[in-house]
Amino acid sequence: MTDGQKLARAAELLQQQTAKIQELEAEIDRLHRVIEGSCDGLMHLQRIYTDPKLPVGVTTKAASVAVAYERAKPPSVAINAGISLYDALERKRLEAKAAVIDVKPVA
């Protein structure tokens, strides 16, 4: 290997190491934000579904998951007529059973 090739290889390795260092520093910054509480799961989902560079399927999935935490669910309306569901269904079953005609043919 000539001196020129060694120098080119060293420059290439230096670029790769610099890129990796930048990647790791970005990851460290991200983890610091998570630890500080300035970035949570919901914020991550919001960042994903507002990123126009991502595919529609990815943004739609992130939005559908995040919406449960962004908007309160409407309260469910329970109607209680004084009887349980079991009692109502049992009453209907017995009424249907009473309607059956059991006749034996006469020979």
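Numerical summary
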item: Filter pass, Lys20 being outside any helix (DSSP H, G or I), modelled with pLDDT of 85 or more and either exposed (fewer than 11 other Cβ atoms within 10 Å of the Cβ) or not charged (D, E, K, R) (or both); result: no
item: Residue pairs meeting the criteria (Cβ under 7 Å; at least 6 apart or on separate chains; first at pLDDT 85 or above, in the range 35-60; second assigned to a helix (DSSP H, G or I) and polar (S, T, N, Q)); result: Ile48/Thr59; Tyr49/Thr59
item: Selected residue (criterion: farthest from Asp40 (Cα to Cα)) from residues of the range 61-86 that are exposed (fewer than 10 other Cβ atoms within 10 Å of the Cβ) and either of a type in the set (Lys, Arg) or modelled with pLDDT of 80 or more (or both); result: Tyr86
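The values are calculated or read from the model by the stated rules, or taken from the named source; none is laboratory data. These numbers come from a predicted model, not from an experiment. For neighbour counting, all protein chains shown are included, and Cβ atoms are generated from backbone atoms with ideal geometry for every residue, glycine included.
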